[in-house]
1. Would you point out the residue of the stretch 99-139, among those that are free of Cβ contacts under 8 Å to residues at least 24 places away in the same chain and acidic (Asp, Glu), that is nearest to Glu75 (Cα to Cα)?
2. Across the stretch 37-66, which residue is farthest from Asn91 (Cα to Cα) among those that are surrounded by fewer than 12 Cβ atoms within 10 Å (Cβ to Cβ), aliphatic (A, V, I, L, M) and under 18 Å from the mean Cα position of the chain (by Cα)?
3. What number of residues in the stretch 106-138 are closer than 27 Å to Asn64 by Cα and assigned to a loop (DSSP other than H, G, I, E, B)?
4. Looking at the stretch 120-136 only, could you name the residues that are touching a helix residue (DSSP H, G or I) at 6+ places or on another chain (Cβ under 8 Å) and either surrounded by 20 or more Cβ atoms within 10 Å (Cβ to Cβ) or at pLDDT 90 or above (or both)?
5. Exactly one condition in (1) among the hydroxyl-bearing types (Ser, Thr, Tyr); (2) surrounded by 18 or more Cβ atoms within 10 Å (Cβ to Cβ); (3) over 22 Å from Glu38 (Cβ atoms); (4) in contact with a strand residue (DSSP E or B) (Cβ under 9 Å, 6 or more places away or on another chain) is not met by Thr70; state its number.
6. Would you be able to say whether some residue in the stretch 28-44 is assigned to a loop (DSSP other than H, G, I, E, B) and small (Gly, Ala, Ser)?
Amino acid sequence: MKIKFLKAGFTLVEIMLVVIIIGALAAMIIPRLSGRGEEAKAKVAKSDIDANLATALKLYELDNGSYPTTEQGLEALRVRPATNPLPQNWNGPYVEKEPIDPWGRPYVYVSPGEHRSDYDLSSKGKDPSSDKDEISNWQ
């Protein structure tokens, strides 16, 4: 009785074909993904401005009757302000961490606002020296 041994494995041509297919797929996908990081950061900043920080500021205003002043800033959402007007019913912290935009800079907060009557909240975006990628609650 003869036993046949099967040759297991791939040929060099098969391996090269798989590498070429993977390379072609990568060449199609990578250009589509480039630039998505900045787009994602802009969406996170817009979400913070329109939802997360807006909700915290509204809760602060409900508890205390007014928004934090420009001088008190967004820090008033984390630590009870020690400057006037002193909040009488501060129930914070209203946010868990320091409000920093996705580019590592503090959000710009002004109250009362120049564009809105209650407050202005914005991020300078990727380039702080340019207003073209600014993200704000009044646009």
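1. Residue satisfying both the conditions and the ranking: Asp120.
2. It comes out as Ala40.
3. 12
4. Selection gives Leu121, Ser122, Ser123, Gly125, Ile135, Ser136.
5. (2)
6. Yes, the conditions are met somewhere in the stretch 28-44.
Each row is one residue, and each column tells you yes or no for (1) touching a strand residue (DSSP E or B) at 6+ places or on another chain (Cβ under 6 Å); (2) at positive phi; (3) surrounded by 13 or more Cβ atoms within 10 Å (Cβ to Cβ).
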{"residue": "Arg78", "(1), (2), (3)": "no, no, yes"}
{"residue": "Asn84", "(1), (2), (3)": "no, no, no"}
{"residue": "Gly92", "(1), (2), (3)": "no, no, yes"}
{"residue": "Pro99", "(1), (2), (3)": "no, no, yes"}
{"residue": "Val108", "(1), (2), (3)": "yes, no, yes"}
{"residue": "Gly113", "(1), (2), (3)": "yes, no, yes"}
{"residue": "Asp118", "(1), (2), (3)": "no, no, yes"}
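The values are calculated or read from the model by the stated rules, or taken from the named source; none is laboratory data. Being a predicted model, the structure only gives us computed values, none of them experimental. As a convention, Cβ positions derive from the backbone with ideal geometry for all residues, glycine included, and neighbour counts pool all protein chains shown.
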